[in-house]
Each structure stands twice: as C-alpha cells, then as structure tokens.
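Worksheet: the structure to be examined is printed underneath.
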Amino acid sequence: MQSTRNTKTNELIKYAVIAGDFVILNLLFVVFFWWHQTYIGERVPYDKYGDFVLVVNFAMAVSQMRFSTVMHERKAASDRIIKQVISLVGVYALLSYAMAKPFIYTGAYGMFLFWFAVLLLVVLVLVRLAERMLLKRFRRMGRNTRSVLLIGSDRAILDIYRALVSDPSTGYSVKGYIADEPIAGCPAELVHLGTYRTPYPQTDEIYCCMPRSRSKQIRNIASYCDNNLIRFFYVPVSLERIGMQLEPETIGDNVVFTNHQEPLAQPLNRFVKRLFDLVFSTLMLLVMLPLFPLVALIIKWQSPGPILFRQLRTGINGQQFYCYKFRSMHVNNQADTLQATRDDPRKFSFGNFMRRTNIDELPQFFNVLKGQMSVVGPRPHMLHHTEVYRKLIDEYMVRHFVKPGITGWAQVNGFRGETKELWQMQGRVERDIWYIENWTFWLDLRIVWLTAKNAFLRNDDQAY
C-alpha cells in the first residue's frame, strides 16, 4: 500500500500549498491595504475593505481551479512551477479587477489591485522556491518516495535512470534493473537484480525498455502491473509497434509510454468530478431523507436485524471500505461470498422491491460524501470477488485506478446484477476501463440520466 500512502501525501502537499496561498493572500492584503491608506491616501475607500476581501479571495479561488500548484507532482521542474504561479496571479489579477467593478463603485481601485498583484506575484514566487527546497529536503530524508523497477538491457533505460535520480525533489527510489545480461557501463548504484525470470520486487512503477521481438513479454509485464496496481511505462527502443495502445508521457527530456492514461489524473478534472459528487449527493439525500424512516420501518417489519447492511468492498487503489446499503436480505452467513440471484431465497419481499428500484443503494450517497465513492464509476465488488476475478480476468484491477461509483457505464449498458458466466464479468470490466480512459463530465451526466431512465424501464432479468 506504499503507492496509496504516497498518493495521499502528494494530495496533502498540494492542498497545504493552496491553503498557504490563501493565508499569504489575506495577510499580504491586510498589510498592503493599511500601507496604501497610510501613505498613498484615501483614493481607495476604507469602507470598501470588506468588499475587497471578498473579491480577492473569490478571484483566487476561481484561479486556483485552473492554475493550482504543480509542485507536488514529481516531474514538475522549477520553471514549470514558476510559470504556474505567473499564470495563477495573472488570471487572479484580471478576475479581481473585473469582479471589483460591480462591488466597488468609487475610488481608484485599478492601480491598487495592479500593484497588489505584482507584490503577490513576487511573494508567491519566493514562497514557492522555499517550499520546493523544503520538499526536496523532505524527500531526501526518504519520505514520500516512489519506488521504481527498470526492465530491459537497452541503453535507453540508463537515460530514464538518470532522469529519475538526477533531481531529488522527484522522490524516486530506483530498486535496480532486470535484464538477461548486465548493461555495459552501467552506474554502480544501478543494481542488476537478475534475469527476466526473476520475481519482481514490490514496487510502485515499472519502466520497461524491450524490442518488438519481445512484445508478448511486454504485454505480460503490463498485465502484471495492471493486476497489482503498479504504474506501467514503456520506454521505446525505437519507433516500433508492439501491439498495444500506448500514450506518451515525459520524464525530463525523455518520452515514455503508458498503457493507461486517465483524464481523472488531471487535478481540474478531479475537482470537477468531486464538486459534482458533493452537490448531487447532498441534493439526493435532502430529497430522499424523508423516505428513510419509512424504509427503515418496513425493513424492520419484514425482517429482524439491522436496517443498514455494511460490507467491505474494494475501492480506489485497492483500498478497502465499508459500502452502505439498505438491507434487502434476511441476515445470513453467506453475504460476503455468495452473489444475489434473481430468485434468491434470502431476499424478503420489500428487499426485492428495493433492489428493482435501486432504493437499497441510496445510503451509498453517504459513502460519496465521505470521499470513498463517486456518483459514477466502476461498481465496487466484495473482497471475495476481487480475489477471484483478478486471477481470471486480465486487467481486472485497472478498474480500481478511480473511485468506485453508485452507478457506472457497465451498469447502463446491461452489465448489472448477477454475473453467472465469466464473459459477463469480462464485459463489465471492459466497460469500466473504457469509462476510466474516456471520462468527461458530460459522460457522467449521461450515465446519471440513463440510470434514472432505466430505473423506470428496468428489464426484470437484471433487476436484482
């Protein structure tokens, strides 16, 4: 679970920097406003101080949505970090000026905001450089590191190695490389761990550099990575095709290729999806909350036991979480191993109705608010199914690169309910991976609409 911890630490670094930006913004504004009032004069109305505070904070919040810090990203060079700060302050300056117009009717606020933006830019650049130095020191201490395994004997693998270890702020720890023969002239620090038949050590990322003649082996390595939640990158020996769809990424001046590129890896896309999750879930709970006591009474009346059913399921990055549902079955000892069927004798009558109308899944909106699930995403499976199907279906674990959902692309395309045959689960996994690689906000809206539509036009063969 080292990869999961690293991801969480990176997110904490990002949000800590953003929070620091707002602290700096407000402290700097207090000092600048006082200085302006004392030494420049009353051209900026004192009674508009509250309006100014609202304007500058809202303008910064909007600007952060598009140009938030990239310092937490391992591949972000100092010039990119500074460029991001310039873009952030530039957009902030334009927004604050435009937004001040309807709120502040008098005073020469234009030059006031301009010089404040210049001051903010200088301070934020200096702060970013200081923050980057602290982050370098943090990662030099061995914290927030990401372990890497290199595979291949081509000398291109040495370029990747140098790019990964040349900047300590990236926090990469290269375990070594695997190849049938040691690479001539290889740095002493890059350890030869064995041949291609050597078991892989536990790692977060694998960079593979092999020729086209080994395409089958490359696909096997990629499959191993998918099934073990390891990021796979292909380093091309030359412009060869190996029978896989690969997308480019950069490491320093080098181009590598990954077999999965998710739109939700972009911070702005994650922000949009999370905002939609919070707003939609809150609205659904407010609308449906009055029904909860009635549902609870009927469940208690028809079947003794708890109202809510909690089950450990597999979530993002393989993390386990308790998924909530209204209990639709009599209490039994097979809940964590046996999938529900159409005529399942464990179901009571109202439980069957809840499953047909999706009422049993309404408590999962609390999972969404807690950040464990999303409104739309691959459906979370019980732990038993994860262990079984990861061995039977290639790329099964890829579906855990994103948060699981209450509904998903597979469900609105007919892959809902019991999976009697292996091909049914394969079809579900294929559609889950397609969703991950083709996510858009409008696709989420379409899936929500189709889910609501199917709730009224449900095919009874899938309504359990």
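As a rough guide to protection, the peptides 316-328, 385-397 ranked by mean Cβ packing within 10 Å, highest first, stand as 316-328, 385-397.
Which pairs, out of Lys420/Lys453; Lys370/Lys420; Lys216/Lys420, put more than 28 Å between their alpha-carbon atoms? Lys370/Lys420; Lys216/Lys420, as the Cα separations exceed 28 Å there.
For the stretch 144-214, what % of the accessible area comes from carbon and sulfur atoms, probe 1.4 Å? Spell out each step's value before the answer.
Working: 1460 of 3060 Å².
Roughly 48 percent of what the probe reaches on the stretch 144-214 is carbon or sulfur.
Ligands, DNA and RNA left out, the accessible area of the stretch 346-399 computed with a 1.4 Å probe is 55% carbon and sulfur. Remark: the stretch 191-199, residue by residue, has Karplus-estimated 3J(HN,Hα) of 7, 7, 8, x, 8, 5, 8, 6, x Hz, where x stands for each Gly or Pro and the curve is 6.51 cos²θ - 1.76 cosθ + 1.60 at θ = phi - 60°. Near the amide H of Leu308, within less than 5 Å, lie the amide hydrogens of Arg327, all on another chain or at least 5 residues away, with H placed in the peptide plane. Rounded if a/c is under 1.5, else prolate if a/b is larger than b/c, else oblate: which is the stretch 183-239, with a ≥ b ≥ c the root eigenvalues of its Cα gyration tensor? Judged from the Cα gyration tensor, the stretch 183-239 comes out oblate (a/c at least 1.5, b/c at or above a/b).
The values are calculated or read from the model by the stated rules, or taken from the named source; none is laboratory data. Fair warning: this is a prediction, and the values are worked out from it, not measured in the lab. So basically every Cβ, Gly included, is an ideal-geometry build from the backbone, and we count neighbours across all protein chains shown. Side chains included, ligands, DNA and RNA excluded: accessible areas come from the protein's heavy atoms. Shrake-Rupley method; radii C 1.70, N 1.55, O 1.52, S 1.80 Å.
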